[in-house]
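Since every read-out is calculated from the coordinates, none of them should be taken as a lab result. What you see is a predicted model, and the numbers here were worked out from it, not measured in a lab. No Cβ is skipped: glycine too gets one built from the backbone with ideal geometry, and neighbour counts run over all protein chains shown.
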There are 2 protein chains.
Amino acid sequence: MLALDAMGGDKAPDMVIKGANLARVRHPNVKFKIFGDKNKIELLLKKFKRLSSVCTVYHSDEHVEDDIRPSQALRKRRNSGMSLAIEAVRNGDAHGVVSAGNTGALMALSKLTLRTLPGVSRPAMVSVFPTEKGECVMLDLGANIDCDSVALVQFAMMGEVFARNVLGIKRPTVGLLNIGSEELKGNEVIRQAAAMLRDSDIPIQFNGFVEGNDIPAGTVDVVVTDGFSGNIALKTAEGVAKLYVEYMRSAFRRGLMSRLGFLLARPALRVIKDRLDPRAYNGGTFLGLNGVAVKSHGGTDHKGFANALSVAIDMIEHDVNPKIIDELNKLKLDGVTAIAKAAV
Amino acid sequence: MLALDAMGGDKAPDMVIKGANLARVRHPNVKFKIFGDKNKIELLLKKFKRLSSVCTVYHSDEHVEDDIRPSQALRKRRNSGMSLAIEAVRNGDAHGVVSAGNTGALMALSKLTLRTLPGVSRPAMVSVFPTEKGECVMLDLGANIDCDSVALVQFAMMGEVFARNVLGIKRPTVGLLNIGSEELKGNEVIRQAAAMLRDSDIPIQFNGFVEGNDIPAGTVDVVVTDGFSGNIALKTAEGVAKLYVEYMRSAFRRGLMSRLGFLLARPALRVIKDRLDPRAYNGGTFLGLNGVAVKSHGGTDHKGFANALSVAIDMIEHDVNPKIIDELNKLKLDGVTAIAKAAV
């Protein structure tokens, strides 16, 4: 059972309903609780009979605006579809929540309602990315703009557990995103986090600093960064992939030979396009919460939203969150953080 | 006349000499003063007779290490090839300096030796990037890790002058890199810089916040950011371009049809590859200095280094720096900054 915020995202609620319908085909057992403007939602659902039969709609008048501050959302949007969807998870009425709405508000409301795991100061948003070697995970992707070094250390630990349980990597390598690999590069926060990860007893494979190009190169399995840099890297990568597709399109229009070449290579090219399609990687999971909460890109379409739903369903079906909670509990973040602090 | 730091960069001095030789072919009138280990340089020059005839070699024992702090470089590396090359510019013995060495040290030594323009607190590194619409400039790319809002406003002004004089754009649009386009996104420094650019009388076309994907999309002509985010964006973009080339390579090996298609489309594909080749965009120019100083990527090869030399030569041949100095002087940065501060 997934709880959906029907009103978040540029093309909502249309793409939410169409996305849910796509996900229903992929995951035949899934059911939805849909929160938002009941009239609009039910009008859309009329077009999808089968989807209708696995949906319950809950009305809400309130909407979390894209430009509302998280603190405002906490005070004034507690009856929004987004907020009610999160409450459904807390109450055990849904296994996870998915929203394409305001990231900061989703983070704040999830943190308040679902609570963080013991010792976790800030939940982080994580997602999976294609690399030259396969896939890597990166966090935080925009939930935390300013992070202290302890937060970065916790992100490293949560990301490592995620990579092991979701990507199935036995002993994931971890790197801190910086603007040079030398020890003295970067600001004080990053250098301190690196010292903690290097010198303390935290049981992860820390490989030091990595740079932006190391993300797609797959130099490490887990890239750790604050939400500002992480979001810049994520969006820049999406933009460059799009630029490449545009350049390809124009290149294949250059003369008859190129057009013919394109036709012959088309199936292979489609494989690349799918592999680098940002929609295929849509769905950022909040780590460090007592529940599954997934943020979809606000600008995505129904295909992208369906992928965010798949991310949530995978998390639930493979019991990933309980495993992460379990492992993080074993790590006793509080204690480790104290050790790490002492090591600096 | 260009002054070269022969010892900076992963493949130095080999790639510096080979790069100079490539540049000599492209720019037949160029001459070089080469600073570094005389024995190594002259051994390499033996292979390039014609290049030899336009080079003077100046010996230096000292080398600026990749991991030395800028403050250390200022105290202990004043007789390095890098430092002597910069001094040649100050003394009027060369029109510009190019180095692939330690960015922080190059920045610190250039700032000390060449001095900043009146009112400029921090020079910034700028470069040109390919976009869906043509080209854009971005600054800072890594010279300043922490920037206050006044520094960002100055970067915006310097970048605008650069875009007008180097890219020939009549009225360049300017955007501040952020993690959302809404006014309240980002940290205090960025929001304050945006307020200054929006509310003061600074004569530039400020379009507000842009995100990482807006860089390759070409949403604005000038992308303004601190050196940390700028470097992350730059390196991530390079990495994704490389990933795409790798994927293409493997896609075209999928079966006979793909191979044939590749052969037919090859000339068109080469055009894309050249267009996105990071080496073609190698060469970050320091803006805000009384002289031309260009930083090459440390990991580049001789082709990339030759492009950094071309950037410097273009700057010199088109009198770009005097024009920028002139325009910035007219803008009276001190005064504008005071107005901007008052506007917040």
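Points worth noting:
- Along its principal axes, the stretch B:191-258 has C-alpha extents of 62, 23, 15 angstrom, given from the largest down.
- Exceeding the 19 Å Cα-Cα cut-off - candidates A:133/B:303; A:235/A:295; B:111/B:235: A:133/B:303; B:111/B:235
- For A:224-230, mean number of other protein chain Cβ atoms within 10 Å: 3
- Here is how the number arises for the protein assembly as shown: DSSP H runs of 4 or more residues each give -39500 (n - 2.57), the sum is divided by the residue count, and the result at 222 nm is -16000 deg cm²/dmol.
- Beta bridge orientation in chain A: antiparallel %, DSSP, nearest 5: 30
- Under the shape rule built on the C-alpha gyration tensor, where the axes satisfy a ≥ b ≥ c, the stretch B:115-184 is oblate, since a/c reaches at least 1.5 while a/b does not exceed b/c.
- Summed residue charge, Cβ within 9 Å of residue B:58's Cβ, Lys/Arg positive, Asp/Glu negative: +2
- Between copies, residue A:249 shows label-point distances of 2.7 nm, shortest first, with the point placed 7 angstrom from Cα along Cα to C-beta.
- log₁₀ of I(q)/I(0) at q = 0.16, 0.20, 0.24 Å⁻¹ - the stretch B:4-98, Debye sum with one point per alpha carbon: -0.63, -0.96, -1.29
- Label-to-label distances for residue A:50 across copies, nearest first, come out at 7.0 nm, using points 7 Å from Cα in the beta-carbon direction.
- Inter-copy label distances at residue B:168 (7 Å, Cα→Cβ; nm, one decimal): 5.6
- Proximal aspartates and glutamates relative to residue A:18, as straight alpha-carbon distance under 18 Å, when same-chain residues fewer than 8 apart are discounted: A:5, A:10, A:37, A:42, A:301
- Loop-located trypsin sites (Lys or Arg not before Pro) in the stretch B:78-173, at most 16 other Cβ atoms within 10 Å (DSSP): B:78, B:115, B:133, B:170
- Cα pair distances exceeding 33 angstrom across the protein assembly as shown, given as percent: 52
- Overall, the anisotropy analysis places chain B in the oblate class: the square-rooted eigenvalues a ≥ b ≥ c of its C-alpha gyration tensor yield a/c not less than 1.5, with a/b not exceeding b/c.
- The calculated FRET efficiency for the pair residue A:270 and residue B:112, based on their C-beta separation and a Förster distance of 45 Å, comes to about 0.25.
- Value in Å of the Kirkwood radius, where the stretch A:58-217 supplies the Cα pairs that are averaged: 17.4
- Restricting the GluC sites (Glu not before Pro) of the stretch A:147-233 to loop positions (DSSP other than H, G, I, E, B) with no more than 14 neighbouring Cβ atoms within 10 Å leaves A:183.
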